[in-house]
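In what follows, a single structure is set out as structure tokens and then discussed.
The values are calculated or read from the model by the stated rules, or taken from the named source; none is laboratory data. The structure displayed is predicted, hence computed values, not measured ones. Cβ atoms come from the backbone with ideal geometry, glycine included; neighbour counts cover every protein chain shown.
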Amino acid sequence: MSTRLFTSPMFLGFDHLEQMLERASKISSDGYPPYNIEQTGTAGLRITLAVAGFTMDDLQITQEDNQLVIRGRQNDDAQGRVFIHRGIAARQFQRAFVLAEGIEVKGAWLDSGLLHIDLARPMPATKVRTIRISQPGAVVDGQPDAD
């Protein structure tokens, strides 16, 4: 049973935000791979994932609706090799991040075992609009005012 966060009549049209929060709560809490999120400017963000041992061909980044999904799958090239100890396992992962409306993925690069993904967050413009109050039966913009 889920708890609805925006049940107050003061929150109109926040269904999409509630769905995003639900999706975020379902994302795996597995700690692999570890990652950082940093602010790179007033409108910039960077996600950095530690993906040592993965090549560019092993990684895939997709944006599915408002969700950024990073997947990694290594080819197990251990055939014919004899390990005395194997502490570095070839494992796959999926890490997802829910993006706010309007956030754009600007690019990604792999450097020394770190996958960097740059994002841009547009700065919202302040909108102020005056709503005219009319009287019943008055003519508004050439049309009779309908109640």
**Study point:** Hits in segment 33-52 - residues which are farther than 18 Å from residue 123 by Cβ and in contact with a Pro (Cβ under 8 Å, 6 or more places away or on another chain)
**Key:** 49, 50, 51
Point to revise | Matching option when the condition is charged (D, E, K, R), modelled with pLDDT of 85 or more and exposed (fewer than 12 other Cβ atoms within 10 Å of the Cβ), among 57, 30 | key: 57
Study note, to complete from the structure: Reported set for segment 79-113 where residues are surrounded by 11 or more Cβ atoms within 10 Å (Cβ to Cβ), modelled with pLDDT of 85 or more and farther than 29 Å from residue 41 by Cβ is 92
Check your understanding: Does residue 21 meet the test of being within 15 Å of residue 97 (Cβ to Cβ), at pLDDT 70 or above and not hydroxyl-bearing (Ser, Thr, Tyr)?
Key -> no
Practice item. Determine whether residue 63 is among the polar types (S, T, N, Q) and in a strand (DSSP E or B). Key: yes
Review point. Of the residues in segment 103-134, how many are closer than 22 Å to residue 48 by Cβ and either of a type in the set (Gly, Ala, Ser) or outside any loop (DSSP other than H, G, I, E, B) (or both)?
Key: 17
